[in-house]
1. Return the distance in nm (one decimal) between the two label points of a simple spin-label model at Glu55 and Val15, each offset 7 Å from Cα along Cα→Cβ.
2. Work through the residues other than Ala63 whose Cβ is under 13 Å from its Cβ and net out their charges, Lys, Arg +1 and Asp, Glu -1.
3. Give, as a single signed number, the net charge of other residues whose beta carbon lies under 15 Å from the beta carbon of Gly81, with Lys and Arg counted +1 and Asp and Glu -1.
4. Relative contact order for segment 22-84: what is it in percent, counting Cα pairs under 8 Å that are at least 6 residues apart?
5. Set the Förster distance to 25 Å, then compute FRET efficiency between Leu32 and Phe65 from the Cβ-Cβ distance, nearest 0.05.
6. For Cys41, Cys23, what ranking results if the residue with the fewest other Cβ atoms within 10 Å of its Cβ goes first?
7. How much length is gained on full extension from Leu75 to Leu40, taking 0.36 nm per residue of separation minus their Cα-Cα distance?
8. Express in whole angstrom the spacing between the alpha-carbon centres of segment 59-84 and segment 12-34.
Amino acid sequence: MPFGGRTGPLRSVAVLTKSLYKCGLRAWQMQLLSLGSIGLCIGLWIRAKTVDQDERGNAERRALFVGLWPPTIWLIGDSLGRHE
């Protein structure tokens, strides 16, 4: 029964989505958070261009790290939207 019942990874995703939904998170909140993290990434990137050369590497890495958040947060919101 590979597709008939929920087993394995699909079941764990459903449990996670159900838990987040019970905690009060909704899809629109996660999507707004994703858009906000894009703004934060752009702000950090602009700030990285204004700091000293010694600190610029860390500031750019911080901006790139935050830049990895939006797709993950958006997909969590998408999963919550499917649950709703």
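1. 4.5 nm
2. +3
3. +1
4. Working: 55 pairs, mean separation 32.9, N = 63.
In percent, rounded to a whole number, it is 52.
5. The computed FRET efficiency comes out at 0.80.
6. With the sparsest Cβ surroundings first, the list reads Cys23, Cys41.
7. 10.8 nm
8. 12 Å
Taken together, the values in this text are just the output of simple stated rules run on the coordinates, not laboratory data. Note that the coordinates shown come from a computational prediction; the quantities given were computed from them, not determined experimentally. Positions of Cβ are backbone-derived with ideal geometry, glycine not excepted, and every protein chain shown enters the neighbour counts.
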